[in-house]
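Undergrad: Below is the structure I would like to discuss, written out as structure tokens.
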Amino acid sequence: MRYEMVVGLEVHIELSTESKMFCDCSAKFGGEANTHVCPVCLGMPGVLPVPNKKAIDYAMRASLALNCQIAPFTKFDRKNYHYPDMPKDYQISQYDKPIGSNGYVVIRTDKGDRRIGIRRLHMEEDTGKSLHEGVAAGSLLDFNRAGVPLIEIVSEPDIRTAEEARLYLQKIRTIMLYTGVSDVKMEEGSMRCDANISLRPEGSSEFGTLVEIKNMNSFRSVQRALEYEAARQQSVLESGGRIVRETRHWDEGRGVTFSSRSKEEAHDYRYFPDPDLVPLEINQEWVDEVRRALPELPDQRFRRYVEEYNLPAYDARVLVEDLALAGFFDEAVAAGANPKAASNWIMVDLQGLLKGEGKSISEVKIKPSHLTQLIDLIEKATISGKIAKDVLVEVCFTGKDPESVVKEKGLVQITDESALIKAAEEVLAANPGPVEDYRKGKKNAIGFLVGQLMKATRGKANPGLANDILRKLLDGSV
Amino acid sequence: MSLCDLTAHELHKLFSSGEASATEIAEAHLERIEAIEQEVRAYVTVTRDRLLEAAAAADKARQSGEVIGPLTGIPMAIKDNIVTQGVKTTCASRILENFIPPYNATVVDRLYNAGGCLVGKANMDEFAMGSSCEHSHFGPTHNPWDTGRVPGGSSGGSAAAVAAGEAVFALGSDTGGSIRQPASFCGVVGMKPTYGRVSRYGLVAFASSLDQIGPFTRDITDCALVLNAICGHDPRDTTSASEPVPDFTESLVPDICGMRLGVPREYFEEGLSKGVREAVNSAIELLAEMGATVEECSLPHTRYALSTYYLIAPAEASSNLARYDGVRYGYRASGARDFVDMYKKTRYEGFGPEVRRRIMLGTYALSAGYYDAYYLKALKVRTLICKDFDNAFDKFDALVTPTAPTVAFSLGEKAADPLSMYLSDICTIPVNLAGLPALSVTCGFNEGMPVGLQLIGPHFAEGTLLRLGYALEQSTDFHRRRPPLTKTQEWDRNMEEAPDNAV
């Protein structure tokens, strides 16, 4: 029997607001332990939460970017459970009236576009952090993160392969970057993911028994964990066993999921509306205001690149997925660069350089206007494409504009025929063998001679002109 | 005649005219505490040095010609579930026995700004759960009128302190009657303002949707003065109302002609003692004589109020009190195997039996499978109780009821029977469920003990209640009586002559 996996993902994203969800403390990542804290986020007696308007705006922005409906009436609920890193011993969250619901994203798979439903998006507050390592007795607690605003995005069980899961996460990440609501860094924990996975015979419309997987720290570990878990479940099913409904943890090192049944999981969270917070009414005006402020989203940008600029779909996607690169591209085009040429330069040379240096576009000194100028220099035949590659490297490291680099280094292409003829004659004189070959009919021997001429001019010869001149000299038409 | 038997407005006259200094007022209160506190036990903490410093500052302000507010230099007690920066705030619980808050409640800031001088933190039932002040980790407070009786609860310490002259006024908190019932038992004025009228920031939460801070005073005028100082929107409490706050002293007019009063029959049924009934009825007659129209009415869902309350309040409490886990502050049990064990031991040892009982009740009411049957049902009944009041206020300006079904009962009388204890709040609980303002004012004496009359108004109608209370006060002398305990020396009080005789 062939099985298919049915996967739903729960993604937590920390919003990059200045202050925490319910108090004025800084929401910045890091900082010395317990320095971003106050009576409110430490859950001291008698304190009250005051919602951060910006966080609500951000949650709405994220909801709209994921095509969700915004609830006109929403509220905060308490999720009750004891844990040392939880200051109030309950978490303020949203239970039955999430701020966003019924959305979707589209992912591009080998089999075409797939639409993955978003069941809900709700707001909550982050917990603190327990530190066990290097502590002689007991554990230490850092509450800097406690109360940082989070959104949780719950997908429909629409994901069918581990690859789709990865694409979905990538899409969510890109969208969040575009909206600017989060820096979505998995390594800093500002994006976290849990997965629900079950198997069912292909073609069946029933759902199998659900297993939750936690502790996946990268897109790749999500993909690996799902692949592992699907194989594990399949072998259980094939040997006549039954899947146990449980939570399993992903062990990155060993590449396996393991059961983590513990007492703390038999939880009844006893959700109830938080009486300290008045319900939130969101009128259409507020929704419209947030919608108007939405920037261009990845799908819109992709369409613009393909339809307006005629970029190949692959190139358009690579650009769109990197917000900084796409921004760079747009600025270069806005400054007058030919879109296709700009895309090519970014995709091939700039990306290659960045990869080689292990840097991001913001960490090198080239500006979008530099790329526009560089392309312009090629188009005006001031420099050759080959020289331009060297100029690009120079610009990236020095931040000088391409024209100055070309001037300083004397890289202006030689387009003066008389100067080239002299050099060509010297090349011919120095290479009697290839000249002989050419004249005997081996016409492609000219390639070598062009190479020699380019070398003699240190690459500055206009390659087309060099070719012409050599041919004319050889054919005796000069 | 002692300075600690006067009201705030009387003391203000003496203070602003220079006849009595704030330091003299403060010292008089410390002497009174010295003399009788051992019998009353109104305080968990007495902040002697703080009081004298604040009084000295008030004197200095007056001497340097600064504007003196009506509460400047006035000694006050704060219930020990309202946080005071640098002063232990225990909630009368072992679990917070040594907790010193690094911040003030909004009301404390406001009273400090108004010149109020902290005498100390008043005893209470642990986490405000109780009706007798017997559930305090530090032992019970005694009723100044009869130290064999309870002062009521949970704000028993606040009520007793004001009745005994150990503070001129006090703040308490009222979740199901915790201001009004002890005010009634101790013969002082107690007001639970409209939910949202006073910021809850810094009030250690018992049941957040019901809790409200309010004043204990010796008369209605003082009540208006304290309300003026503590009411108003607070950005730190999103449930606080942005409703404008009037000057409550403008309600102090002795004219209630044409006011429409409803008398809900459900508050006069079984369990109401004969003495209380008589005192309340004669007060109602008095109000009618003064020109109010009085009519019987019905609040049909009243009988569900107690059960509704005992689902909602414990449910919220079970969550509000979860934070006392020994992790960050407060009591932590020793010898725990792991953190779950630490929670269990800490909470078992740190909370008293009544608090544990309510946490369990509330946890149960919110549990999966029971939520709809208990908590959700209770919320629906709460809506019906609110509707009852809405309907009544279509016809009436205020409702008149007893504050409690009996006068103060004896210490230990109900301690072993939680249900009969709960019943002593039967007249006050519906008001919290509906978020209404209500005032308790002494309307007579029975068995030598004060009887409280409860006046209930529509949302934000504190002024109406003050006006009614003021009118009653003008034609009775109950508010001028002082407990025998305080009569350590012969005094014959005369309101009009008091300022002249005082020093």
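The values are calculated or read from the model by the stated rules, or taken from the named source; none is laboratory data. A quick note: this is a predicted structure, and the numbers were derived from the prediction, not measured. Every residue, glycine as well, gets a Cβ built from its backbone with ideal geometry; the counts of neighbours run over all protein chains shown. Just the protein is used for accessible areas: all its heavy atoms, side chains included, with ligands, DNA and RNA removed. Shrake-Rupley method; radii C 1.70, N 1.55, O 1.52, S 1.80 Å.
Undergrad: On the given criteria, is A:Glu246 out of contact with any strand residue (DSSP E or B) (no Cβ under 8 Å at 6 or more places or on another chain) and surrounded by fewer than 16 Cβ atoms within 10 Å (Cβ to Cβ)?
TA: No; evaluated as a whole, the condition is false for this residue.
Undergrad: Something else about it: Filter segment A:252-272 down to the residues that are at pLDDT 90 or above and open to solvent by 40 Å² or more (accessible area, probe 1.4 Å) and list them by number.
TA: Hits for segment A:252-272 are A:Glu252, A:Gly253, A:Arg254, A:Phe258, A:Ser259, A:Asp268, A:Tyr269, A:Arg270, A:Tyr271.
Undergrad: Hey, another quick one. Identify the single condition in (1) touching a strand residue (DSSP E or B) at 6+ places or on another chain (Cβ under 8 Å); (2) of a type in the set (Ser, Thr, Tyr); (3) open to solvent by 10 Å² or more (accessible area, probe 1.4 Å) that A:Ser205 does not satisfy, given that it satisfies every other one.
TA: Exception for A:Ser205: condition (1).
Undergrad: Suppose we filter segment A:273-307 for residues that are open to solvent by 50 Å² or more (accessible area, probe 1.4 Å), more than 10 Å from every other protein chain (Cβ to nearest Cβ) and not basic (Lys, Arg); how many remain?
TA: 12
Undergrad: Which number in (1) over 18 Å from the mean Cα position of the chain (by Cα); (2) within 18 Å of B:Asp222 (Cα to Cα); (3) open to solvent by less than 10 Å² (accessible area, probe 1.4 Å) marks the one condition that B:Gly444 misses?
TA: (2)
Undergrad: Residue check, A:Ala326 against (1) touching a helix residue (DSSP H, G or I) at 6+ places or on another chain (Cβ under 6 Å); (2) touching a residue at least 60 places away in the same chain (Cβ under 8 Å), all met but one. Which one?
TA: The number of the failed condition is (2).
Undergrad: Separate question: What is the one condition in (1) more than 14 Å from chain A (Cβ to nearest Cβ); (2) in contact with a helix residue (DSSP H, G or I) (Cβ under 6 Å, 6 or more places away or on another chain) that B:Gly157 does not satisfy?
TA: All conditions are met except number (2).
Undergrad: Please count how many residues of segment B:198-213 are assigned to a loop (DSSP other than H, G, I, E, B) and more than 8 Å from chain A (Cβ to nearest Cβ).
TA: Looking only at that region, the number is 4.
Undergrad: Has segment B:383-405 got any residue that is under 27 Å from B:Leu203 (Cβ atoms), of a type outside the set (Ser, Thr, Tyr) and within 13 Å of chain A (Cβ to nearest Cβ)?
TA: no
Undergrad: If you don't mind, another one. Pick out the one residue from A:Lys440, A:Lys409 that is free of Cβ contacts under 8 Å to residues at least 24 places away in the same chain, over 50 Å from the mean Cα position of the chain (by Cα) and either under 30 Å from A:Lys359 (Cβ atoms) or open to solvent by 30 Å² or more (accessible area, probe 1.4 Å) (or both).
TA: A:Lys440
Listed here are the residues, each with its yes/no results for (1) open to solvent by 10 Å² or more (accessible area, probe 1.4 Å); (2) more than 14 Å from the chain's Cα centre (by Cα).
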residue	(1), (2)
B:Thr89	no, yes
B:Gly130	no, no
B:Cys133	no, no
B:Thr141	no, yes
B:Trp145	yes, yes
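For (1) touching a helix residue (DSSP H, G or I) at 6+ places or on another chain (Cβ under 6 Å); (2) within 27 Å of B:Ser240 (Cα to Cα), each residue gets a yes or a no:
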{"residue": "B:Cys133", "(1), (2)": "yes, no"}
{"residue": "B:Thr141", "(1), (2)": "yes, no"}
{"residue": "B:Arg149", "(1), (2)": "no, no"}
{"residue": "B:Ala163", "(1), (2)": "yes, no"}
{"residue": "B:Ala167", "(1), (2)": "yes, no"}
{"residue": "B:Gly190", "(1), (2)": "yes, yes"}
{"residue": "B:Gly196", "(1), (2)": "no, yes"}
{"residue": "B:Phe206", "(1), (2)": "yes, yes"}
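Undergrad: Take the residues in segment B:273-332 that are charged (D, E, K, R) and part of a helix (DSSP H, G or I); name whichever of them is nearest to A:Leu141 (Cα to Cα).
TA: Residue satisfying both the conditions and the ranking: B:Arg323.
Undergrad: Return only the number of the condition from (1) assigned to a helix (DSSP H, G or I); (2) on the phi > 0 side of the Ramachandran plot that B:Phe185 does not satisfy.
TA: (2)
Undergrad: Give me a count of the residues in segment B:165-197 that are within 14 Å of chain A (Cβ to nearest Cβ) and either open to solvent by 10 Å² or more (accessible area, probe 1.4 Å) or at pLDDT below 95 (or both).
TA: Residues flagged as within 14 Å of chain A (Cβ to nearest Cβ) and either open to solvent by 10 Å² or more (accessible area, probe 1.4 Å) or at pLDDT below 95 (or both) within segment B:165-197 amount to 1.
Undergrad: Here's another thing I want to ask about it. Pairs needed: first member in segment A:182-198, under 30 Å from A:Val244 (Cβ atoms); second member anywhere, open to solvent by 10 Å² or more (accessible area, probe 1.4 Å) and β-branched (Val, Ile, Thr); C-beta distance under 6 Å; at least 6 residues apart or different chains.
TA: A:Ser198/A:Thr209
Undergrad: Where in segment A:42-124 are there strands (runs of 3 or more DSSP E), lying fully within it, with 1 or more residues that are away from chain B (no Cβ under 14 Å)?
TA: The qualifying strands (runs of 3 or more DSSP E) are A:100-109.
Undergrad: Among the residues of segment A:27-41, write down those that are within 11 Å of another protein chain (Cβ to nearest Cβ) and within 19 Å of A:Ser139 (Cα to Cα).
TA: Of everything in segment A:27-41, those that are within 11 Å of another protein chain (Cβ to nearest Cβ) and within 19 Å of A:Ser139 (Cα to Cα) turn out to be A:Asn34, A:Val37.
Undergrad: Just give me the residues in segment A:125-140 being surrounded by fewer than 20 Cβ atoms within 10 Å (Cβ to Cβ) and in a strand (DSSP E or B), in sequence order.
TA: Within segment A:125-140, A:Lys129, A:Ser130, A:Leu131, A:Leu140 meet the criteria.
Undergrad: Can you name the number of the only condition in (1) open to solvent by less than 10 Å² (accessible area, probe 1.4 Å); (2) within 25 Å of the chain's Cα centre (by Cα) that B:His233 fails?
TA: It is condition (1) that B:His233 fails.
Undergrad: While we're here: Of the residues in segment A:127-141, how many are without any contact (Cβ under 8 Å) to a residue 24 or more places away in the chain and among the β-branched types (Val, Ile, Thr)?
TA: 1
Undergrad: Can you find a residue that is out of contact with any Cys (no Cβ under 9 Å at 6 or more places or on another chain), without any contact (Cβ under 8 Å) to a residue 60 or more places away in the chain, surrounded by fewer than 21 Cβ atoms within 10 Å (Cβ to Cβ) and among the hydroxyl-bearing types (Ser, Thr, Tyr) anywhere in segment A:143-164?
TA: So far as segment A:143-164 goes, no, none of its residues is out of contact with any Cys (no Cβ under 9 Å at 6 or more places or on another chain), without any contact (Cβ under 8 Å) to a residue 60 or more places away in the chain, surrounded by fewer than 21 Cβ atoms within 10 Å (Cβ to Cβ) and among the hydroxyl-bearing types (Ser, Thr, Tyr).
Undergrad: Have a look at A:Val184, A:Val148 and point out the one that is at positive phi and of a type in the set (A, V, I, L, M).
TA: From the options A:Val184, A:Val148, the qualifying one is A:Val184.
Undergrad: So which residues in segment B:267-283 are buried (at least 18 other Cβ atoms within 10 Å of the Cβ) and within 20 Å of B:Leu465 (Cβ to Cβ), if there are any at all?
TA: Within segment B:267-283, B:Tyr267, B:Phe268, B:Val276, B:Ala279, B:Val280, B:Ala283 qualify.
Undergrad: While we're on this one: Taking the residues in segment A:165-186 that are open to solvent by 10 Å² or more (accessible area, probe 1.4 Å) and part of a loop (DSSP other than H, G, I, E, B) as candidates, determine which candidate is farthest from A:Ile99 (Cα to Cα).
TA: Per the criteria, the residue is A:Lys185.
Undergrad: Taking segment B:86-103 only, how many residues are more than 10 Å from every other protein chain (Cβ to nearest Cβ) and more than 20 Å from B:Gly352 (Cβ to Cβ)?
TA: 3
Undergrad: What are the residues in segment B:316-325 that are within 10 Å of another protein chain (Cβ to nearest Cβ) and either in contact with a Phe, Trp or Tyr (Cβ under 6 Å, 6 or more places away or on another chain) or free of Cβ contacts under 8 Å to residues at least 60 places away in the same chain (or both), if any?
TA: B:Ser318, B:Ser319, B:Ala322, B:Arg323, B:Asp325
Undergrad: May I ask you to list the residues in segment B:333-383 that are open to solvent by 70 Å² or more (accessible area, probe 1.4 Å), among the aromatic types (Phe, Trp, Tyr) and part of a loop (DSSP other than H, G, I, E, B)?
TA: Correct list: B:Tyr370 only.
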